[in-house]
């Protein structure tokens, strides 16, 4: 029997506010455990929350960027549950009146565009963080709790169950991350937990209309973990059904080392949380003027930027899509393109040697040592014939080490490409005189002879002869 997969994602994104959602404690990552806390975020008796207005501002901005309807009247609720990372035994969240509803994201997988609906976006506070003694909660003998993160403002973005594969789920997450980065509402540092994803997964016989029982995989903090966890869970559920068992509704955790999901607890329903309106906070009322102002301040979003790069800079779809995938890469490209008319050349370097360097060093473009201006100038030197592609790689390597300009390195290393026809003719004629058999081979139709001769000339010129001129002059002389 063939099976269809149904996937919905719940994404938690920490907002880039300086202080927490309901108190003035710092949201800075990496402080000593339990140092960014106060009676409010620890839930001490008598401590009262005060809403941070910037949280609402960022939620509106994210909602508009995701084509959501902004609800003018919304309120906060208490979500009651008992867990060590929740010091007051309830989380301030939103239940029946969230700030945003009915949005969408368009994704592309295997050349096919698909719209994934967004059910809602709501504001809430984060819980603390459990620090486990083992690799996962399932393998730990003990756990400590750090409340620094408690009260950090979040938006939770809940998708419709519209995705049908791990690849679609990853594409959705990548697009969502880019939009949140572009709008500057979150730094989206998945390694620091500021962007986390819970995946709801179920399987059903192909052609069925009723969804199967879902399992929720908690706290997936990388695109790779998301994809692997979904692929494993799909196969686990199919195998369970095939063996005559039934899928139970539960919460599971992902063990990255073992490459498998593990059961944590039964999955709660909404009524289990005993939601009720937060009595210490008044409802949030948003007027048209506020929405209009935030909308007018939205930056150029990834889809619009991609269209601009294709239309104005002549980039192909693949190159534009990869460049706009992160805000920092897109901004680097735009800045570098100011220094050359060859935007395609910039794109080739960014998606080739630059990306290879970033991956090898495990850094992002923000820490790349070559400035956009210097990369643009290097592309100009290639186009002017001063540098060959081979020599450009040498200059690129030295720029990485020294930070010097490409012009300075060309002079310092004596790497100017020889484009003087007279100088190249002299080397060509010397090479032909030394290799009469290669001339005969070429005339007999052996194309490798031409490559050999080019190699000899490049060796004589120490790699500096203009390759195009070398090829043309060789063919001309041998005819």
For every helix of n ≥ 4 consecutive DSSP H residues, a contribution of -39,500 (n - 2.57) applies; sum these over the chain, divide by its total residues, and give [θ] at 222 nm rounded to the nearest 500 deg cm²/dmol.
-12000 deg cm²/dmol
Efficiency of FRET from Cβ geometry, residue 135 and residue 413, R₀ 60 Å, rounded to 0.05:
0.80
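Which percent, nearest 5, of DSSP beta bridges in the chain are antiparallel? It would help to have the intermediate numbers written out before the result.
Numbers: 58 of 63 bridges.
Expressed as a percentage, antiparallel bridges in the chain total about 90.
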Convex hull of Cα atoms in the range 1-106, direction-averaged projection (nm²)
10.4 nm²
Where does helix 53-65 land angle-wise versus the long Cα axis of the chain, in degrees 0 to 90, nearest 10?
60 degrees
What Rg and what Dmax come out for the range 196-311 when only alpha-carbon atoms are used, in angstroms?
20.8, 59
Tell me, what are the semi-axes, in whole angstrom and largest first, of the equivalent ellipsoid of the range 77-230 as set by the roots of 5 times the Cα gyration tensor eigenvalues?
27, 19, 17
If you average 1/r over every pair of different alpha-carbon atoms in the range 3-293 and take one over that average, what Kirkwood value in Å do you get?
19.8 Å
Can you tell me how the range 332-394 classifies by the Cα gyration tensor, rounded, prolate or oblate, using a/c under 1.5 as the rounded cut?
oblate
Give the angle, between 0 and 90 degrees and rounded to the nearest 10, that separates the Cα long axis of helix 421-434 from the longest principal axis of the Cα atoms of the chain.
70 degrees
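How do 349, 290, 254 rank when sorted from fewest to most other Cβ atoms within 10 Å of their own Cβ?
Details: 349 21, 290 15, 254 24.
The most exposed by this proxy come first: 290, 349, 254.
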Determine by what factor the alpha-carbon radius of gyration of the range 300-413 differs from 2.2 N^0.38 Å, reporting the quotient.
1.03
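At a Förster radius of 41 Å, what calculated FRET efficiency corresponds to the Cβ-Cβ distance of residue 211 and residue 292, to the nearest 0.05? It would help to have the intermediate numbers written out before the result.
Details: r = 39 Å, r/R0 = 0.95.
For residue 211 and residue 292, the calculated efficiency is 0.60.
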Do me a favour and compute the ellipsoid semi-axes for the range 39-100 from its Cα gyration tensor, root of five times each eigenvalue, largest one first, whole Å.
26, 13, 10
Nearest 10 degrees is fine. How inclined is helix 223-242 to the longest principal axis of the chain, computing both from alpha carbons?
60 degrees
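None of the figures in this text is laboratory data; all of them are computed from the coordinates on show. None of the values given here were measured: they were computed from a predicted structure. Here the Cβ is made from the backbone with ideal geometry for all residues, glycine too, and neighbour counts use every protein chain on show.
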